[in-house]
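A.B. asks: Okay, handing you the structure first.
The values are calculated or read from the model by the stated rules, or taken from the named source; none is laboratory data. Model, not experiment: these values are computed from the prediction. With ideal geometry, Cβ positions are generated from the backbone for all residues, glycine too; neighbour counts draw on all protein chains shown. Keep in mind that these areas ignore ligands, DNA and RNA; they rest on the heavy atoms of the full protein, side chains included. Shrake-Rupley method; radii C 1.70, N 1.55, O 1.52, S 1.80 Å.
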Amino acid sequence: MTDHASSHSQTTADSHQPDADGIRVLLVDDDERWGKVTAKHLSATNDDLDVTFRASAAAGLDVIESSLIDCIVSDYQMPETSGLEFLATVREQYPDLPFLLLTGRGDESVASTAIEKGVTGYISKEATRSETPVLPSRIRSVVETFRAKRRLAIAQERVEHLHAVTLDLEGATTREAVYE
């Protein structure tokens, strides 16, 4: 997957290159039945989504560390680690990785805290049950925004490098200096 933040080191960037053809999603929810059904449904009805389900934040972290993930969708209320605690842990290493928080209740204070902690989006579980494909649409949207920002950062780095090389060439007075 692409580097989760333009501030990440090149080593991190190289270890997380995105799959241009699809979107790898990690779904984390302590409700195993709901999570398995949702993951299977998302994968089956959306050819571009490859969804991995885990029933805890700890198991989700294992996936993030060992697999290429483009977006995390996590439940807010889990017994061992809340979705907000999971978000904070993810943000330490991947500050820009798209992270959508699911909640069974639409509490404004939860949304406010999630935004402060760097959540990419906030979705009610009720919205995922509707006939309108809210969740896959949001996943695609946040991943495309993330990828576009990364492409822009790469382009800017290239322009800055070309600018530096041009300045070096302007100062070269000998053929050897040009070759260097």
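A.B. asks: With a point put 7 Å past each Cα toward its Cβ, work out how far S124 is from E80 in nm, to one decimal.
C.D. replies: Taking the two extended label points, one gets 3.1 nm.
A.B. asks: How long is the gain from Y179 to T113 if the chain were fully straight, where each residue apart is worth 0.36 nm and the alpha carbon distance is subtracted?
C.D. replies: Values: separation 66, 0.36 × 66 = 23.76 nm, distance 5.47 nm.
Using 0.36 nm per residue and subtracting the Cα-Cα distance, I get 18.3 nm.
A.B. asks: Enter the accessible area per residue of the range 138-180 (Å², integer; probe 1.4 Å; all protein chains in place).
C.D. replies: 82 Å²
A.B. asks: Another question, if that's okay. What's the long-distance tail for the range 132-180, i.e. % of Cα pairs beyond 18 Å?
C.D. replies: Numbers: 681 of 1176 pairs.
Percentage above 18 Å: 58.
A.B. asks: Separate question: Which order do you get for K125, K117 if you rank them by accessible area with a 1.4 Å probe, largest at the top?
C.D. replies: Per-residue accessible area, sorted high to low, gives K117, K125.
A.B. asks: I'd like to know how the range 27-145 sits against the 2.2 N^0.38 Å rule of thumb: what's its Cα Rg over that expected value?
C.D. replies: Computed over Cα atoms of the range 27-145, the ratio equals 0.96.
A.B. asks: While we're on this one: For the range 29-36, what does the Karplus curve 6.51 cos²θ - 1.76 cosθ + 1.60, with θ = phi - 60°, yield as ³J(HN,Hα) per residue in whole Hz, taken in order and with x for Gly and Pro?
C.D. replies: So the J values, rounded to whole Hz, are 7, 6, 7, 4, 4, 4, x, 5.
A.B. asks: Can you run phi through the Karplus equation (6.51, -1.76, 1.60; θ = phi - 60°) for the range 39-51 and list ³J(HN,Hα) in whole Hz, with x for Gly and Pro?
C.D. replies: 4, 5, 5, 4, 5, 6, 9, 9, 4, 8, 9, 10, 9
A.B. asks: Could you derive backbone 3J(HN,Hα) for the range 85-95 from the dihedral phi with the Karplus parameters 6.51, -1.76 and 1.60 (θ = phi - 60°), listing whole Hz in sequence and x where the residue is Gly or Pro?
C.D. replies: So the J values, rounded to whole Hz, are 5, 4, 4, 4, 5, 4, 4, 4, 9, 10, x.
A.B. asks: Please sort 155-165, 70-80, 38-48, 138-148 by packing, taking for each peptide the average over its residues of neighbouring beta carbons within 10 angstrom, highest first.
C.D. replies: Going by the mean number of other Cβ atoms within 10 Å, highest first, we get 70-80, 138-148, 38-48, 155-165.
A.B. asks: For S56, which sequence-distant residues (separation of 5 or more, or a different chain) have an amide H within less than 5 Å of its own amide H, given hydrogens modelled in the peptide plane?
C.D. replies: Sorted by chain and number, the residues that satisfy this are D29.
A.B. asks: Report the extension gain between L152 and K40 in nm, rounded to one decimal, defined as 0.36 nm multiplied by the number of residues separating them, less their alpha carbon distance.
C.D. replies: My answer for the length gained is 37.0 nm.
A.B. asks: For a quick check of understanding: with a 1.4 angstrom probe and all protein chains in place, what accessible area in square angstrom does D96 have, to the nearest ten?
C.D. replies: Taking all protein chains as shown, D96 has close to 80 Å².
A.B. asks: Separate question: Compute the length gained on full extension between S137 and V159: take 0.36 nm times their separation in residues and subtract their Cα-Cα distance, giving the result in nm to one decimal.
C.D. replies: Additional length available on full extension: 4.6 nm.
A.B. asks: In what sequence, largest accessible area first, do F53, F99 appear using a 1.4 Å probe?
C.D. replies: Ranked list, largest accessible area first: F53, F99.
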